[in-house]
Amino acid sequence: MGSALGFKALRGHRAAPWLGLGFIVVALAILPFVLTSVGTAWVRITNLAILFALLSLGLNIVVGFAGLLDLGYIAFYAVGAYSYALLASPHFGLHLPFWVILPIGAAVACVFGIMLGAPTLKLRGDYLAIVTLGFGEIVRIFLNNLSQPINITNGPQGVTLIDPFRLGSLDFNRTDTVAGLVFSGPVKYYYFLLAVLLLAIGINLRLQNSRIGRAWVAIREDEVAAQSMGINTRNIKLLAFAMGASFGGIAGGIFAATQGFISPESFVFVESIMVLSMVVLGGMGNVWGVVLGAVLLSFVPEILRYTVEPVQKALFGRMLIEPEVIRMLLFGLALVLMMLYRPAGLWPSQRRKREFSDSDHL
Amino acid sequence: MQMARLLEIRNIEKRFGGVSALADVSLGIERGEIYGLIGPNGAGKTTLFNVLTGLYVPDRGEFEFNGANLVGLKPNRVAECGIARTFQNIRLFGNMTAMENVMVGRHVRTQAGALGAILRTRHARQEEEAIRRRSRELLDYVGIGQYDDIVARNLPYGDQRRLEIARALATEPRLLALDEPAAGMNATETVQLRSLLERIRSDGVTVLLIEHDVKLVMGLCDRVAVLDYGKKIAEGEPALVRADPEVIRAYLGGALP
C-alpha cells in the first residue's frame, strides 16, 4: 500500500523517468549474479538471448525498415562466426585479438550482404524470399563442403578450440574474483554482450528517425514513388542489406567466441525462421518490440525445458510429451494466436499499427 | 540565338509489343509556363510522363532538359536533375504521416548518411532540422499544414493530391509534372488547385499538366498540346487548339458539320 502510494507520488514527477532508468540499469547489472545463484546455465541462456536480440535488430533493418523479406539471414551469422573461428583458432594457427576480428567479421558479413543484395535488387516479396532462402542454404552447404580440396572450414566437423576473448590479462574464459564478486566467463560475456546490445539498439533508434530510415520506409511503402522522389533505391536497399548483415556478422563472432566450437549445424534454415519470428512476433520495425520478441522466444523454450518434465511427472507420474515437442507446439500456437489477435506484433511501431488498423485502404 | 527551352522533347517513340504508345512526339516547354497535355484516354499522355521521368526508356528519340540529355537516366537521377512528378493514381507513402511524406521528398537535396545519423553529427542534426522546417513550410504552402501528423492514406482525396504536390515540390524541381491533379476533386477543390498552380508558377517553377478537366486546362495553361493515339495532333494557345478541327475530331469522333 505504502509503495503504491509512493509510485503514485512519483508519477509525473520530473525525476520519474530517471528513476525508472536507474532501476533498469541496476537490474541489468546484477542480473548475472542473480542468475548464477540459480544456475550458470541461465547466464549462458541469457547470453544467447542477447545474441538473438542482436540478430533480430539486424534483421529488423532489412525486414522491418526496408521491407525486404530475408529468409536466409542466419547466413550472415555463420559468416561472422566462421570469420572469428578461422582467425582465432588452431585450425589455421591464427590467433588475432577479438577487437580486430569482430570488425573484420562485420566487414565480411557486410560484403556477403551486398553479394545477396546486388542480384536481388529487382525482386520483391515472395521472389526475394525464395532467393534469400537459397542464399542461406548455399552458405551453409559451402561451409559443410569447403574441407576439400583445401581444408578451409573443416567441413561438418566444424572448428574447435576457438579462442575466447582476451584483453591484456583479462581472459573471458577464466573466473576472476573482484572485491568478493565472482566473475565467471559467461558473466563477463554477459556484460560485453549487453554493451553491444545497447549500442545496437542506439544505432537502430537513430537510423529509424533519420533521412536514411525514412528512405527505407518509403521504399517499403512504394518503391516506384520513392525512386521518382529521387531516392537511389539501389544504394539504399544495398545499405539495408549491408547494415543488417554486419549486425549478424558481429553477433556471429561473439557466438563463436562464447561457444568455443562451431559447425554448419548451428546455421540451419530453422534458425533464420527463428530470428524472423522474433522480429515479427515482437513487432516489425519497432526496436523495443524486436528485442522483446528475441528475449521471449529465447527464454520460453528454456523455461519449458526445465518445467515440462517435473510438471508431467507430478501430474501423470511419467513423461508423456517431450519438451521439444511441447516447445514447437506452443511456438506454433503462439504464432497462430498472434496473427489472429495481434498481427502487428506484441509491441508494434506506430506505423505498423496504422498499417494493420482497419481504417480504409486506398 | 534564343534562350534554350527548359524541356525539349524530340521524336520520342515508345512501343509496347505491337502497340505504338508514342509515335514521333516532339514538343517544347518554355521556362515559367504552364503547359497542358490533353487527349482522350489511352492517347499516351501518362506514357509520355513515364518516359520523361525515367520509368520507361523510349525506343527512339531524346529529350533535353535544362541543357542536359536525360534519356536513359533512372527516375532518381531525373528527379535530381529537377523534374518532379505526381501520379495519376496517387502514390503516397500511405502509412507515413503527411509530414514524413514531404520529408522523404527532401531526400534528394540532402546528404546525411547512415554514419551521420548514428553519430548524430552536428551537420546531420542541422540538416534534419532544416528538412523538418522546409517540409512544414511546404505543407502550409499547399494548404494542409494542419494535417502534418495525419497518416497519408487517411487524408481526404483532394488533400492527398495536394500532399503529392508538396512532396514533389520538396525535391526543388524546375519542372513540376502533374498527372491529372484535379481528378476526383469537387468544384471548390479545383478552384483551390488552380490558384495553387498559379502560385507555383509565379514562384518560378514550370508546370507540365495532364488534365481531363478541359475548362481547367483552357483557363490555366499558356500552351496546350493534344495527343491522340500516341501522336501529337495539335499544339499552341488553348483558344486556337480548341478550335482545331483535328482536335474536335479526336474528341468527338468526327468533324462537326
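Some observations on this one:
- Computed E for A:I303/B:R109 - FRET, C-beta separation, R0 51 angstrom, nearest 0.05: 0.45
- Projection of the Cα convex hull of region B:1-95, averaged over all directions and equal to a quarter of that hull's surface, yields 7.5 nm².
- Counting only Cβ charges, +1 for Lys and Arg and -1 for Asp and Glu, the dipole size of region B:7-252 around its Cα centre is about 600 debye.
- Residues whose placed amide H lies under 5 Å from that of B:G28, excluding near-sequence neighbours: B:I9
- Equivalent-ellipsoid semi-axes for region A:235-362 (Cα gyration tensor, √(5λ), whole Å, largest first): 31, 24, 11.
- Loop chymotrypsin sites (Phe, Trp or Tyr not before Pro), region A:71-140, which have at most 14 other Cβ atoms in a 10 Å radius of their Cβ (DSSP): A:F92
- 4 °C / 1.567 mPa s Stokes-Einstein diffusion coefficient of region A:292-343, Kirkwood radius on C-alpha pairs, µm²/s: 108 µm²/s
- For chain A, built as a Gaussian network whose Cα springs stay under 10 Å, the top-fluctuating residue of A:V290, A:V270, A:V139: A:V270
- Spherically averaged projected area of the protein assembly as shown from its Cα convex hull (nm²): 39.2 nm²
- Measuring gaps between exposed loop sites in chain A (trypsin sites (Lys or Arg not before Pro); DSSP loop; at most 12 other Cβ atoms within 10 Å), the longest gap, sites not included, is A:123-317.
- Dipole of the protein assembly as shown, positive direction: furthest Cα of B:V247, B:L70, A:L161, with charges on the beta-carbon: A:L161
- Theoretical FRET efficiency, 1/(1+(r/R0)^6), r = Cβ-Cβ of A:R14 and B:A130, R0 30 Å, to 0.05: 0.45
- For region B:7-252, the normalised intensity computed at q = 0.15 Å⁻¹ comes to -1.06 (log10 of I(q)/I(0), Debye sum over alpha carbons, equal scatterers, no solvent).
- Note on A:A334 and B:E237: the model spin-label points, each 7 Å out from Cα along the C-beta direction, lie 7.5 nm apart.
- Mean separation of Cα contacts under 8 Å (6+ apart) over length of region A:52-109, as relative contact order %: 28 percent
- Straightening the chain between A:H95 and A:S169 buys 25.1 nm, computed as 0.36 nm per residue apart minus the Cα-Cα spacing.
- Taking every alpha-carbon pair within region A:38-268, the share separated by more than 25 Å comes to 43 percent.
- Mean Kyte hydropathy of 1.6 or more with a Cα span along the axis of at least 24 Å, helices from DSSP in chain A: A:16-38, A:40-59, A:98-117, A:323-341
- Paramagnetic label reach from B:Q192 (point 7 Å along Cα→Cβ; backbone nitrogen cut-off under 18 Å): within region B:64-96, residues B:90.
- Of B:Y141, B:L209, B:I233, farthest towards positive along the dipole that unit charges on Lys, Arg, Asp, Glu beta carbons give region B:7-252: B:Y141
- Using C-alpha pairs below 8 Å separated by at least 6 residues, the relative contact order for chain B is 26 percent.
- Computed from the C-beta positions of A:R234 and B:A4 and an R0 of 35 Å, the FRET efficiency is 0.65 to the nearest 0.05.
- Taking the longest Cα principal axis of chain B as reference, the axis of helix B:157-169 is set at about 80 degrees.
Bear in mind that the values in this text are calculations on the coordinates, not laboratory data. Note that the coordinates shown come from a computational prediction; the quantities given were computed from them, not determined experimentally. Here the Cβ is made from the backbone with ideal geometry for all residues, glycine too, and neighbour counts use every protein chain on show.
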